[in-house]
Amino acid sequence: MRLDDFDNSINVEDQRGGGGSRMGGPGGKIGCGSLVIALIGALVFGINPLQTLGTLQGMQEAAGPVAAPQAGPQGRSSLAESCSANAFSRESCNALASLNKTWEPLFRKAGIDFSAPKLVFYARNGQSGCGAAQSAMGPFYCPPDHGIYIDTDFFTEMERQMQAGGDFARAYVMAHEYGHHIQNLVGTSDQVNQAQRRNPPMANRLSVKLELQADCYAGVWAARNKDRIEPGDIEEGLTAAHQIGDDTLMASAGRTPVEASFTHGSSAQRMAWLRKGLETGNEDVCDTFADKGAWGNNPAQR
């Protein structure tokens, strides 16, 4: 995918090498959404995403909204240095800039306040407004500090362990996490969290609906930048969506796929909702909560 180079409008924090510095634009205000998103790569690393969700959610409830720690002058990196640390860092920064430019006008048109998320790079271990960040958790979004957290080594593991390589596959991961930011801004995440508390047996199903909506939002972003898409990109994205489906991840980890324990959706569901966003470029079609197909059926059959 041919994205423009990032500019100074993006907000990036770099915790690699003990930096923890913030740079770039002024960044978004601290949010108050109370759902911590289950993490995209959890199952392939043997982590129970429900356990991760509960742990981080408990940390958030105990601590309340907090800003990420600021580093002193030493260890502070420039935006250019952080985004150019490696090829994956640059891709992530380029994707963030494109995502901001795509979604901000849509929020403005809808009359909804918009604040851009920050992108946080860390290596192996870091800190977020939701507690500790660990590379085994995979990329994740933290609602309290509006942060998309990435250890770029994950992209190497995604290619080697999940056979889901390619620049568009990596952009899809960024766009999916950005989708959670959108849900946080419009209140969807908080509504889901409240519904999960009121009806615990529905918690997993609601989590799936949330994740599939983020997949659809990722497709909408790509569709609105279709002039940047290159041959093979769509296939890369759909392959990635397939490889991170709950059933595929469970099978890869030697576990029998059990639909009742899904938290992100099956491979077929994830591909279908990403494709739906790609084909329409319309965020309004991403209402997975109104669609019974978000749980167990192909949305194309609605």
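Each peptide in 200-210, 247-257, 278-288 receives the mean, over its residues, of other Cβ atoms within 10 Å, and ordering these scores from highest gives 200-210, 278-288, 247-257. Look at the dipole of region 159-237 built from charges on Cβ: of Val192, Gln163, Ile234, the Cα furthest out on the positive end belongs to Val192. Of the beta bridges in region 107-263, as assigned by DSSP with both residues counted there, near 65 percent are antiparallel.
The listed peptides 184-193, 234-243, 156-165, 133-142, ordered by packing as a protection proxy, come out as 133-142, 234-243, 184-193, 156-165 (highest mean of other Cβ atoms within 10 Å first).
Which links in Lys101/Lys226; Lys209/Lys276; Lys101/Lys209 stretch past 20 Å when you go from one Cα to the other? Walk me through the numbers on the way to the answer.
On the way: Lys101/Lys226 14 Å; Lys209/Lys276 14 Å; Lys101/Lys209 26 Å.
Lys101/Lys209, as the Cα separations exceed 20 Å there.
Rounded to the nearest 20 debye, the dipole size of region 170-298 about its Cα centre is 360 debye, using +1 on the Cβ of Lys and Arg and -1 on the Cβ of Asp and Glu.
Bear in mind these aren't lab numbers, they're just calculated from the coordinates by the rules spelled out. These numbers come from a predicted model, not from an experiment. Using ideal geometry, Cβ is built from the backbone for each residue, glycine included, and neighbour counts are taken over all protein chains shown.
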